[in-house]
Amino acid sequence: MVPVQGYCNSTNFSRDSIRWLDFVAHTEGHRILHALNGTGESKIAGYSVDGFCKETNTVYQYQGCFHHGCEMCYDGYLIHPLTGTTMRSLRQKKEGVIDTLRQRGYNIIQMLEHDFENLKKTEEFKEFLLQHEVTDRLNPRDAFFGGRTNGIKLFFEGCAKYIDFTSLYPWVNKYCEYPVGHPEIITEHFQDIDNYFGLVKCKVFPPKNLFHPVLPFRCNGEFTDELNGGTITSFVTGGPKNYAYKLSDGSE
């Protein structure tokens, strides 16, 4: 049985925290465990930490200004709208966690959100982002899509026929092979895909000039298909459709 929350812990994280941690790992040559590699965020001294390097015994914490009551960005007496406590209380709680980790002998490196905004403007970081993409963890349930119906020809004179198609899902369940047991989760250093038997999260370029598209995906909560390498990015349900296609070169 696949766990509802997947095979990594379900702690919240920001994409910027992952970008920062991967950037540090890239520039310093260390492996830093975080929410999107290994088995998720490491738990140290009872706290889930954003990043942890076993080689250097270092804890990395990305401190979002809004969520941790940054003293440079928020007045200490301001009430946080989500927690109902003051920004100062959030800051003191954060500092308490850092003090506990230091007392346990861990090295601590912190990145404040407003400092990270400055880092993102540097040429070194911009160059890094050209080769870096934050990819969420694979969720097997995302591969399931509801059945589809559509009219190929809306008016036709002739004898009507009824044809029953066997649904693909039960056919696969009966006749195809499945991985069994708990998986080995691989998030880096990939081999050729033919060397694996299991589930893969990847990008697929759809075949062109197909009358019936075959690659379904969800866009803004809608079920649709990809055509000619483009992506439908927006349309209004129940009304006139506004289709926008984003191509690989960034054009629409």
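Residues considered: 55, 28. Of these, the only one that is within 30 Å of residue 201 (Cβ to Cβ), touching a His at 6+ places or on another chain (Cβ under 9 Å) and not β-branched (Val, Ile, Thr) is 55. When the helices (runs of 4 or more DSSP H) confined to the stretch 82-184 are screened for residues that are acidic (Asp, Glu) and under 29 Å from residue 40 (Cβ atoms), those reaching at least 1 such residues are found at 87-103, 113-119, 123-130. Does the stretch 22-33 contain at least one residue that is hydrophobic (A, V, I, L, M, F, W, C), farther than 30 Å from residue 199 by Cα and either modelled with pLDDT of 90 or more or exposed (fewer than 14 other Cβ atoms within 10 Å of the Cβ) (or both)? Taking every residue of the stretch 22-33 in turn, none turns out to be hydrophobic (A, V, I, L, M, F, W, C), farther than 30 Å from residue 199 by Cα and either modelled with pLDDT of 90 or more or exposed (fewer than 14 other Cβ atoms within 10 Å of the Cβ) (or both).
For (1) among the charged types (D, E, K, R); (2) out of contact with any helix residue (DSSP H, G or I) (no Cβ under 8 Å at 6 or more places or on another chain), each residue gets a yes or a no:
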{"residue": "24", "(1), (2)": "no, yes"}
{"residue": "33", "(1), (2)": "no, yes"}
{"residue": "41", "(1), (2)": "yes, yes"}
{"residue": "50", "(1), (2)": "yes, no"}
{"residue": "55", "(1), (2)": "yes, yes"}
{"residue": "71", "(1), (2)": "yes, no"}
{"residue": "75", "(1), (2)": "yes, no"}
{"residue": "86", "(1), (2)": "no, yes"}
{"residue": "89", "(1), (2)": "no, yes"}
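When the residues of the stretch 150-191 are filtered to those that are in contact (Cβ under 8 Å) with a residue 24 or more places away in the chain and surrounded by 10 or more Cβ atoms within 10 Å (Cβ to Cβ), the one that is farthest from the chain's Cα centre (by Cα) is 169.
Every listed requirement among (1) surrounded by 14 or more Cβ atoms within 10 Å (Cβ to Cβ); (2) closer than 18 Å to residue 53 by Cα is met by residue 70 save one, (2). Of all the criteria given as (1) among the charged types (D, E, K, R); (2) over 29 Å from residue 185 (Cβ atoms); (3) in contact (Cβ under 8 Å) with a residue 24 or more places away in the chain, the one not satisfied by residue 95 is (3).
The values are calculated or read from the model by the stated rules, or taken from the named source; none is laboratory data. Small disclaimer: the values here were computed from a predicted structure and weren't measured. When we count neighbours, we look across all protein chains shown, and the Cβ atoms used for this are built from the backbone with ideal geometry, even at glycine.
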